[in-house]
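The values are calculated or read from the model by the stated rules, or taken from the named source; none is laboratory data. Remember, predicted model here, so these are calculated numbers, not experimental data. Here the Cβ positions follow ideal geometry from the backbone for every residue, glycine too, while neighbour counts run over all protein chains shown. Note: areas computed on protein heavy atoms with side chains; ligands, DNA, RNA excluded. Shrake-Rupley method; radii C 1.70, N 1.55, O 1.52, S 1.80 Å.
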Amino acid sequence: MFSPRRCAAVLASSLLLGLALPHAPATAAPAKAAKSVMRTSAPAVKATTPKTTVKAAETAPAVPTLASRLALVKNAKTLNYYPSAAGWSKMWTEWNPAKIDADLAKADALGADNVRVIIFPSTFGWPKPWNGYQDRLAQFVDIAAARGMTVKFTLFDWWDAYGDVDESVAWTKTVLTRYKDDKRVLSFELQNEIDPGNTAAMTWAKKMIPALRSAFPTMPLTVSTDGVSGAKGLAKVKSTLGSTSVDFYEFHLYGNSERALTLIKGAQAAVAPTPITIGETGLNTLQNTEGEQAAFLARVFEAAEAAGVQSVAPWTLNDFATGAIPSSAVSRIPAQYSYGLYRLDGTAKPAAAVVKAGWTNTTMPASVMDPSFEAGNNLTPWRAYMPELGLAVKTQSMARTGKWSVSMTNTGKTSAGSPSYRVAPIAPVKSAQKWHGEVWARGNAATGTTQIALSWFDANDKWLGGVSSNWLPVGTTGWTKLSVDGVAPAGSASMQVHLKSGENTGTVWFDDAVITAS
């Protein structure tokens, strides 16, 4: 999560980039049995039933080694966690172990075997930590362990006393020495989203890492950077640290999930040969639909698998209630309250089923892509494109199967293109990949051009090319299949599917889309 000291700057950067800000990122109606399924090829064939899962806490040796802990880190099913009514430092000041246990039961049911918590020196006591908060931290580890979950600690959040190296080392030893050989604790993160451009912070880190390695020789150490700086931020951290190495890096992925594979590979290359985990990722449901959040996380899980990264940590379990975030730059950003897998009333968003599939290595729910438009408007990943020229709307006035379809009426067209209803597949996009798309369409006094089209983009969102299907005949027609095939150009990082209709003075309907890759 963003620290307040950087939040305003990152907010400005995010708005310029058109990104949803990091952090916070009724269950979708099931598709009718008769509906077509939008299939997207996955990077690997997955089992249709969950594998037998042995949790990390059960496989760790009695006295952990650096190698045994690091192996578990690289495969951890990690959840970023705060209670819904007590985020950030309030988790510790408004301590509620019963709520924490209930929340970790939900995480356990999703398949989590590890939970990341953040420790604030200003809350725990600085420069001398208070015993009461240390006891709460110990109780948290006990609660997690009772659910078969290990813990990752992130240190020194909301803190910038970088000149106090000796005090920092002493504080860390006081708080964490009891976990030195505790197999229930997997790793220490020196600081959440350290700023590689802050000379004082990086000088402090270069002194802290050797000190912690000496004090805790079997504990993997890591750092992270914010979700906007991405791979470049990680590369700068590694370059600045020089010979002062960490054991792994945590990559915070909040960019365009349509090119998640390229982003992850970029992060890997930036710090190679040191491994990475995806320490945070998500999408808020204030600026985006719950359907888009689910598709975002599905793309990240699929891309991580394709890149060989086995640990993906969603941000976060719950939405946050008003007042849950302590007064700060973070608390003044409305989107920060809505990254949860669960709503404030405790019900699951569609993203929860996606995370469960990712953590249990099962097939992503077919409903994620809403191939036949049966999901509610807030539960679909499809978006209107160029709506000023004609808005795609979900309707029950006509359907090939089920109850719903998408219609477009009285559309225009410009040199920039035609209005459409668009989505990106959850399967990672690669150069030279063959793609097939199809959709059923029908018209009533239709004119102009109605098609399904595929468009590819590079890592900088530059359009590389596209292909379009045959046109739906003009006039009034029955349900007609439109299909298109194409090969992703060199340099492709993402792809979009567009159901489009331009210069149409009548009405067209779309239903039952299928997208596959080989």
Yes/no for Thr240 being open to solvent by 10 Å² or more (accessible area, probe 1.4 Å), of a type in the set (S, T, N, Q) and either on the phi < 0 side of the Ramachandran plot or not in a helix (DSSP H, G or I) (or both): yes
Tabulated pairs, segment 247-275, first more than 17 Å from Lys462 (Cβ to Cβ), second surrounded by fewer than 20 Cβ atoms within 10 Å (Cβ to Cβ) and charged (D, E, K, R), C-beta under 6 angstrom, 6+ apart or interchain: Val271/Lys238; Pro275/Lys74
Tally of residues being open to solvent by less than 60 Å² (accessible area, probe 1.4 Å), within 21 Å of Ile515 (Cα to Cα) and in a loop (DSSP other than H, G, I, E, B) across segment 392-423: 6
Meets criteria (open to solvent by less than 20 Å² (accessible area, probe 1.4 Å), in a helix (DSSP H, G or I), hydrophobic (A, V, I, L, M, F, W, C) and touching a Leu at 6+ places or on another chain (Cβ under 9 Å)) for Phe296: yes
Residues within segment 361-374 that are out of contact with any Gly (no Cβ under 6 Å at 6 or more places or on another chain), part of a loop (DSSP other than H, G, I, E, B) and at negative phi, tallied: 4
Scan of segment 331-358 for residues that are assigned to a loop (DSSP other than H, G, I, E, B), in contact with a His (Cβ under 9 Å, 6 or more places away or on another chain) and of a type in the set (A, V, I, L, M, F, W, C), ordered by number: Ile333
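Yes/no per residue for (1) open to solvent by less than 10 Å² (accessible area, probe 1.4 Å); (2) of a type outside the set (S, T, N, Q):
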{"position": "Asn256", "(1), (2)": "no, no"}
{"position": "Gly266", "(1), (2)": "no, yes"}
{"position": "Thr277", "(1), (2)": "yes, no"}
{"position": "Leu283", "(1), (2)": "no, yes"}
{"position": "Pro326", "(1), (2)": "no, yes"}
Check on Leu286, at pLDDT 95 or above, of a type outside the set (Ser, Thr, Tyr), touching a Leu at 6+ places or on another chain (Cβ under 8 Å) and over 23 Å from Thr65 (Cα atoms): no
Residue match in segment 495-510 (condition: open to solvent by 40 Å² or more (accessible area, probe 1.4 Å), under 28 Å from Gly255 (Cβ atoms) and not in a strand (DSSP E or B)): no
